[in-house]
Amino acid sequence: MDINKDLVAASATPLILAIIAEGDTYGYAILKRVSELSGGELQWTDGMLYPVLHRLERQGYIEGNWGSSESGRRRKYYRITKQGQAQLTEQREQWQMVDTALRNIWLAMSLPAGSITPIPQKD
Amino acid sequence: MTVTESRDPLEAQIEQWRAYLRRRQAVHPVDVEELEDHLRGQVAALVAAGLSPDEAFLIAVKRMGALDAISNEFAREHSERLWKQLVVAPDISGEPSSKARSEMLVVFTLALIAAVAVKLPTLFGLDFSEGEDLPFYIRNFSFFVLPLLTGYFVWKRGLSRRTWGWLALAFAAAVLFANVYPSEESSTLSDTEALTALHLPIALWLAVGIAYAGGRWGQTAGRMDFVRFSGELFIYYVLIGLGGGVLIAFTIGMFAAIGVDAEWVVQDWLLPCGMLGAVMVGSWLVEAKQGVIENMAPVLTRLFTAPFAVTILVFLATLVWTGRAIDIERDVLIAFDLLLLLVLGLLLYSISARDPEAPPGAFDLVLVLLLISALIADMVALANIAARISEFGFTPNRVAALGENVILLVNLGWSAALYLRFLRGTNSFSRIERWQTGYLPVYSIWAAIVVIAFPPLFGYG
C-alpha cells in the first residue's frame, strides 16, 4: 500500500528519533528498523533519510560521531541528546492525541448508524 | 561484509556512483561517504538474500533514490554550502581537489605576475609617477594583464598549440603597433595615442574570448558564454574595486593619523598592482562560481531596462515638444556612443539569460521599445552632426566616434528588426542570438583598425 507522502514526511521525525533513542545506530540500520516496525509497508527513498538526519543534528536533537563498522569502514553513528529526548516526548504526546482522535472516529464509524448522536448542525 | 580493495566489478560500480555523486555541489565528500556506507550495507544485505552483486547494486542504487532529488534535499538542508562554494569551490565540486588547488595557485601566481609586471618597467628607469613616462604606461596597460588572462584560459581549456601560437602572434603584433609609431616626448598623450590606449583592450578582448571559449568560439553558445563571462567579470571587478577603495581610504587615513604619509604606497603600489591583479582574481571568481548563484548581469538588466526605456522616451518627447536641437558643440557623439553601448549591453544580457524557447513576453516588448527609442535618439543626433560635420573637420576622435556609432547603429537596427519579427512570430529567438554573437568580432576589428591605421592616417597627431 502506498502511504501518502505528507504522512510519511510527518511521521519521519518521531520515528527516527525513537529508533535512535533505542540505542546508538546508523543510517542503514535505521531504515532496516523502520521497515521491520512497519512490516515493510513504510518505504522511504533511502537517500532522503540523510538530509533529515542532518537537520535533526543541526537542531541539536541527535549528535553524529564517526566510528567504524564491523568491516573497518568509516561509519557515522547517531545518538539522541537530552534535547532530543524532550522533543521525542513532546512528539509522542502529539501523535498519541492524533491517534486517540482517529481511533475514536474509526470506532464510531464501525457502529451501526443512529446508535450515536451526531452534534446537531446549525442552520 | 569484508572490504576488498581489488577491482572487482562491484567496487568499480560503487566508484562510479561515488564520482557521480561528488559532482553535486550540495553533497559534501563526508556525506558521500555516509551514503556510500548505506549503499554498501544495502548491497551486502541483498547479496546475503541471494542476489548477485550486480543485481544487488542496481536495486540498492534504485532504493537510494534519484540523485537530483537527494542533492536537492541536501541543498535545502545545507543552503549555506552553495555560498561557501565561492571560497572553497573546487573542494566540493566533482573535480579532483588537487586540480582545483593547482588552478587557484595558477590564478594567484598570475595575479602576482600582473602586479609585478606593472612595476617591472621601473627597473628600466620608467616611472609612472613621472610625467614623461605616463604615455608609455597608458599605451601599454593592456599588456600587463590581458596576455596573462589569455594564458590562464589557454591553460585551463587545454588549447591546441596552433591556437596558442595565433594568440601569441596577435599579442606580439599588438605590442608592436602600440609602440612603433613615433611619439612626442611629452607628458600628455596625443589624440591617436589616447585612442590606441582605449581601443587596444577592445581589440585584444577578442583574443581573450577565443581562449575563453576553448574550441567553442565557432559556436553561438561558446560566444554567449564569453559574453556572460565579460559581464560578470565587469561586475566582480567593480565590487573588488569598491573593496579596494575602502582599503585605500583606511591605509591613507590610518597612517595619516600617526603622521606618516602613505599616499605614495597607494599610488605607486596598491593602486596599479591591485587594479591588474583584480582582473585575474575576478576572472577566477567568475569561473569558480559559475552556475552556483544566479548571475548578476541579467538581474541588473531586468531592473534597468524599463527605467532606461522610459528615460529615452521622455527625452525624445521633450525634444519634440520643446523643438530644441541637440547641442552639438560638446562631444555629443561620444555621449550617444555610450548610450548605444549601454542599450547593447542591456540587450546582450537580456538575451544571455533568456530561454530561447520561451514565447514573447512583456519584457521583450519593453526591450524592443528601448531599442527603437535609442535608435531614434541616435539618428536625431547623427542628423544634427552630419549637417555640420564638414565644419568641424575630421579629427581622429570624431572619426573613431562616428565609426563606433555606425557599428552600433547597424547592430541595434538589425537587432530591432529581428526582435520585431520574433514578436510577430515570424522568426525564432535564436536568430537574434546568432546575430549578436556573430557581430562580436566586428567591435574588435574596428578597434584594431583604430589602433593600426589611425596614427599614420592622422599624422601621429
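What follows is calculated from the coordinates using simple rules that are stated; it is not laboratory data. Nothing here was measured: the structure is a model prediction, and the numbers come from that model. Glycine gets a Cβ as well: all are built from the backbone with ideal geometry, and neighbour counts include every protein chain shown.
What are the DSSP H helices in chain A that stretch 20 Å or more along their long axis, judged by alpha-carbon atoms, and whose average Kyte-Doolittle hydropathy comes to at least -0.5? Provide the component values of the computation, followed by the final result.
Details: long enough: A:5-21 (24 Å, 1.62); A:82-110 (42 Å, -0.79).
Within chain A the helices that satisfy the rule are A:5-21.
Please compute the Kirkwood hydrodynamic radius over chain B, one decimal place, Å, based on all pairs of different Cα atoms.
Numbers: mean 1/r = 0.0383 Å⁻¹.
This gives a value of 26.1 Å.
Could you run the Karplus curve 6.51 cos²θ - 1.76 cosθ + 1.60 with θ = phi - 60° over the range B:156-170 and give me ³J(HN,Hα) per residue in whole Hz, x for Gly and Pro?
Ordered by residue, 3J(HN,Hα) equals 5, 8, x, 6, 6, 4, 5, 4, 3, x, 4, 5, 4, 4, 4 Hz.
Using all Cα-Cα distances in the range B:294-428, what percent lands in each 5 angstrom bin from 0 up to the longest?
2, 10, 19, 21, 18, 14, 9, 5, 3, 1, 0
Under a Cβ-only charge scheme (Lys and Arg +1, Asp and Glu -1), can you give me the dipole magnitude of the range B:308-444 about the Cα centre, in debye to the nearest 20?
On the way: 9 positive and 11 negative charges, 55 e Å.
So the dipole magnitude of the range B:308-444 works out to roughly 260 debye.
So how do B:228-238, A:77-87 stack up, highest first, on mean other-Cβ count within 10 Å? List each step's numbers first, then the result.
Values: B:228-238: 19.1, A:77-87: 16.5.
Per-residue Cβ counts within 10 Å, averaged per peptide and sorted highest first, yield B:228-238, A:77-87.
Quick one: dipole size for the range B:209-270, taken about the Cα centre, charges +1 on Lys/Arg Cβ and -1 on Asp/Glu Cβ, in debye to the nearest 20.
460
Would you mind giving the average projected area, over all directions, of the Cα convex hull of the range B:95-293 in nm² with one decimal? Write down the numbers at each step before the final one.
Numbers: hull surface 55.1 nm².
Averaged projected area of the range B:95-293's Cα convex hull equals 13.8 nm².
What do you get for the angle between helix B:220-257 and the principal long axis of chain B? Use alpha-carbon atoms, 0 to 90 degrees, nearest ten.
Value to nearest ten degrees: 80.
Under 1.5 on a/c is rounded, so check that first for chain A, then, if it is not, pick prolate when a/b is larger than b/c and oblate when it is not; a ≥ b ≥ c are the square roots of the alpha carbon gyration tensor eigenvalues. Please report the intermediate quantities before stating the final value.
Numbers: a/c = 3.17, a/b = 2.27, b/c = 1.40.
In terms of gyration-tensor shape, prolate.
Assigning unit charges at the beta carbon (Lys, Arg +1; Asp, Glu -1) and nothing else, what dipole magnitude in debye, to the nearest 20, does the protein assembly as shown show about its Cα centre? Before the final figure, lay out the partial values.
Working: 47 positive and 58 negative charges, 237 e Å.
Roughly 1140 debye, rounded to the nearest 20.
If you wrap the protein assembly as shown's Cα atoms in a convex hull and average its projection over all directions, what's the area in nm²? The partial results should precede the final answer.
Values: hull surface 182.4 nm².
Averaged projected area of the protein assembly as shown's Cα convex hull equals 45.6 nm².
Would you mind getting me the FRET efficiency between residue B:265 and residue A:32? Use the beta-carbon distance for r and R0 = 51 Å, nearest 0.05. Spell out each step's value before the answer.
Numbers: r = 66 Å, r/R0 = 1.30.
About 0.15, to the nearest 0.05.
Going by a ≥ b ≥ c, the root eigenvalues of the Cα gyration tensor, does the range B:236-326 fall in the rounded group (a/c under 1.5), the prolate group (a/b larger than b/c) or the oblate group? Each step should come with its number before you reach the end.
Values: a/c = 3.55, a/b = 1.62, b/c = 2.19.
Note, shape of the range B:236-326 comes out oblate.
With 10 angstrom as the radius, rank A:2, A:24 by how many other C-beta atoms surround their C-beta, starting from the fewest.
Fewest to most other Cβ atoms nearby, the residues stand as A:2, A:24.
Over chain B, calculate the relative contact order: mean separation of alpha carbon pairs under 8 Å at least 6 apart, over the residue count, as a percent. Don't skip to the answer; put the middle values down first.
On the way: 425 pairs, mean separation 83.6, N = 461.
So the answer I get is 18 percent.
For helix B:362-392, report the angle its Cα long axis makes with the longest principal axis of the Cα atoms of chain B; keep it between 0 and 90° and round to the nearest 10°.
Between helix and principal axis, roughly 30 degrees.
Can you give the direction-averaged projected area of the convex hull of the alpha-carbon atoms in the range B:192-273, in nm²?
Details: hull surface 29.1 nm².
That works out to 7.3 nm², a quarter of the Cα hull's surface.
For labels at residue B:363 and residue A:66 in the simple 7 Å Cα→Cβ model, what's the distance in nm?
Roughly 4.3 nm, to one decimal.
Report, in degrees rounded to the nearest 10, the 0 to 90 angle that the Cα long axis of helix B:97-117 makes with the longest principal axis of chain B.
The answer is roughly 20 degrees.
When the helices in chain B are scored as -39500 (n - 2.57) per DSSP H run of 4 or longer and the sum is shared across all residues, what 222 nm value do you end up with, to the nearest 500 deg cm²/dmol?
Details: 18 runs with 350 residues, N = 461.
Using -39500 (n - 2.57) per qualifying helix, the result is -26000 deg cm²/dmol.
If you line up the Cα atoms of the range B:9-78 on their principal axes, what length do they span on each, largest first, in Å?
38, 19, 16
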